[in-house]
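Read through the structure below, which is laid out as structure tokens, and then see the notes.
The values are calculated or read from the model by the stated rules, or taken from the named source; none is laboratory data. These numbers come from a predicted model, not from an experiment. All Cβ positions, glycine included, derive from the backbone under ideal geometry; neighbour counts span all protein chains shown.
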Amino acid sequence: MPLTQSARDSRRWWADLIAVWRDTRQIVLTAQIAAIYAAILIPFKAGIPIVPGFVELRPANAIPIVASLLFGPAAAWGAGIGNVIGDCFGTLGPASFFGLLGNFIFGYLPYVLWGHMGWFSSGEAPLHKSWHQMIEYGVVCVIASAACAGVIAWGVEWLGLLPFVILAPAIFFNNVVMSLFLGPPLLGFLYPRVQRWQLRYEDIRESGACHVDAPRLPASYEGMGSEGTIDDQSSHAIVDCHGLSFQYASGSTPVLRNVSFALAPGELVILLGRSGSGKSTICYACNGLIPRMVPGTFSGRLRVGKQNILDEPVWKQAGRVGLVFQDFDTQLVATTVGGELLHPLEYRDPPLSSDEVRRRVVHALSQIGLADCVHRDPMSMSGGQRQRLVIASVLVQEPALLVLDEPGSDLDPAGRAQLREVLRILQKEGITVLMTEHDDGYLAQADRVLVLDEGEIVWEGKPEALLRDPQLMRDCGLRPLALTECFEEWGVQPLPISVEEAWIQAEALNLRLSPPEAAHHDTFRLENTPVREPKMGLPLIQVEGVSFQYDEHSVLDDVSFSIQSGDFLALLGQNGSGKSTLARLLNGLLTPTHGTIVVDGMDTRTTSMNELAKRVGLVFQNPDHQIFADTVWEEVAFSAKNMGCSKDEIADRVQESLAAVGLPFEGSRDLDPFSLRKGERQRIAVASVLATRPAV
């Protein structure tokens, strides 16, 4: 007998509730909703009671409605669990079960009802842009509030604790009032952002369906031999990619177009290409993050070992494919360095012995130069140290394939040399490495280079051949070696790619550098050298005896120096030497443990951060820790607005700052900064600081 529509709907709703616990993204959403709901509920346990011991004035009760309209079933679980967590701080008891059930319904009914109420349904998104949407929202609030109140009040009466007629109206009143007054502005703020990042339940569900139905090659094509289009070595390759294409759901054109390549065991291959060419997209596809976690249109085949990336969830592939993001901070989860490395080993199946776990942790930390930092908090470490920590957390799993997206971006010279040595050891151990990088040192070490341009592989070969062809590098949007370009002007062949080769070429061809005219003068005689006049007056920044430590770890010790207005200084030092800490001390984000810092006559210990920010502009190492606004214009204008500038002055500063960093002013009011590449986001962060016109 065929199912009725209502039966099909009930099955779908039940399936949606169960599906939450099969999707990592929805589990995370559930946990976040529960945490936020509980965090706002708890303070009001000792606040304004409506029915003492049972119902309090709860502004948090707007959250289940809003979360339900955004995240669907995840909101139901989050609201129920969050209410129980809140009860643990004052009212936990038998009635908490009915509180869980009532809040579960409160967080689920809005999702079920929206768009399914006949005339009351607006047929539009859950916003308040029309009277029909407002009516639908009001009806949803009333029905969901009544259902929640009825379930809780019935359960409490059944337990013999309080009559239904007293408790139900109190809960209903609180839910309706908070949902109607606080829900609309909260929904108006969140919905555009959630929609932009495709985190609505509909987006997550559709992207999951897209992953399952992603096009594949016919079974007869699997394992194609010498007559196929894939190289013969692909049958033995650790990575076999054929015809890979991908277009982000938010994009208008494919970012990858029919990409094919194979990686052999123990091979080190570097992906090169201009920004936006698709390098990071290939990296994220290697362990299934694309397309499983990132919605879009995916086609082609990508196998790691003998496993198609579409056949397993990401967590199962994580032990086989180690991935280090360009934004490595997003991968840190633990509060200690040792805990960070233990985390991926705790979920191994079959589990590892304690001796094996200890061996792997010690070995990985030694490999990457962090053996003495086991008990350090990662957030107290420098950016370069945190990047090395993330690399160690991947190496500890001993993956067959290591994928590194710009691994040297935050490493000092010593750290980069150490990473090159680690890569050399991994190659000897037969571990395949795929990385995106521009450092010449890594290029010289690579077995092969793949050059991407506009989503296609336009060149493949030995790095030496690429480096000796500066015109090809320029055509692909890459920067040739300065040394090679110098000899290119002389028409020398083959072009040198090292100082040693250049010296040999110059000697063989009797080439000599012609110093500029100024070099013939005795510029080292004091009377011929312009000497800068010493500046008079008080220094702009005075640092005296400054020390600073994170917990028990000392970072700065008795540092003293002064900076005059107009000086140009560079802070140099290894990762973890205290450069970023000192920068944060100068603008008041941190306060010295000992010593004093005076900026423009103001002691940073007693001056507000707002005042210091007007004088000392700080650009973070990671621009994503600084950017927060919806548009580029709002981001750059924010500081000027806070300074009380007029509208015309704000517009002038925004235009001036964007021009200074080479970004267009036109279109900045509608451009989402997080839709831009990292280099462009870094320039936006600089522009937002320049808009304050700081002295430092």
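Considering the conditions (1) within 32 Å of the chain's Cα centre (by Cα); (2) over 17 Å from A38 (Cβ atoms), N61 is excluded by exactly one of them, (2).
Scanning the range 59-85 for residues that are small (G, A, S) and part of a helix (DSSP H, G or I) turns up A60, A62, A67, S68, A74, A75, A76, G78, A79, G80, G82.
Would you please name the residue that is modelled with the lowest pLDDT, looking only at residues in the range 656-673 that are crowded, with 17+ Cβ neighbours inside 10 Å and either touching a Gly at 6+ places or on another chain (Cβ under 9 Å) or in a helix (DSSP H, G or I) (or both)? Filtering first and then ranking leaves P673. If the condition is being among the acidic types (D, E) and closer than 12 Å to R386 by Cβ, then the range 324-362 contributes D327, D329, E340. For L69, the conditions (1) surrounded by fewer than 24 Cβ atoms within 10 Å (Cβ to Cβ); (2) of a type outside the set (D, E, K, R); (3) closer than 17 Å to I36 by Cβ all hold with the exception of (1).
Filtering the range 395-416 to residues that are of a type in the set (A, V, I, L, M) and in contact with a helix residue (DSSP H, G or I) (Cβ under 8 Å, 6 or more places away or on another chain) leaves L395, V396, L402, V403, L404, L411. Checking each residue in the range 535-573 for being charged (D, E, K, R), surrounded by 13 or more Cβ atoms within 10 Å (Cβ to Cβ) and either under 25 Å from M381 (Cβ atoms) or free of Cβ contacts under 8 Å to residues at least 40 places away in the same chain (or both) picks out only D557.
Residues in the range 497-508 that are assigned to a loop (DSSP other than H, G, I, E, B) and out of contact with any Lys or Arg (no Cβ under 8 Å at 6 or more places or on another chain): S498 alone. No other residue among R359, R348 is under 21 Å from L395 (Cβ atoms), modelled with pLDDT of 90 or more and among the basic types (K, R) apart from R359.
Close Cβ contacts (under 8 Å, 6 or more residues apart or on different chains) running from residues in the range 314-336 that are assigned by TED's automatic domain parsing to the domain that holds E437 to residues that are among the aromatic types (F, W, Y) and modelled with pLDDT of 85 or more comprise L323/Y284; Q331/F325. Residues that are among the hydroxyl-bearing types (S, T, Y) and free of Cβ contacts under 8 Å to residues at least 60 places away in the same chain number at least 2 in the following helices (runs of 4 or more DSSP H) confined to the range 86-202: 131-158. Only one entry of P344, P350 meets the criterion of being surrounded by 12 or more Cβ atoms within 10 Å (Cβ to Cβ) and not β-branched (V, I, T), and that entry is P344. Residue check: is D447 in the same structural domain as L402 (by TED's automatic domain parsing) and modelled with pLDDT under 85? When the stated conditions are applied, D447 does not pass them.
Residue by residue, here is whether (1) closer than 24 Å to L423 by Cα; (2) among the aliphatic types (A, V, I, L, M); (3) part of a strand (DSSP E or B) holds:
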{"position": "G243", "(1), (2), (3)": "no, no, yes"}
{"position": "Q247", "(1), (2), (3)": "no, no, yes"}
{"position": "G251", "(1), (2), (3)": "no, no, no"}
{"position": "F261", "(1), (2), (3)": "yes, no, yes"}
{"position": "V269", "(1), (2), (3)": "yes, yes, yes"}
{"position": "Y284", "(1), (2), (3)": "yes, no, no"}
{"position": "R301", "(1), (2), (3)": "no, no, yes"}
{"position": "L310", "(1), (2), (3)": "no, yes, no"}
{"position": "W315", "(1), (2), (3)": "no, no, no"}
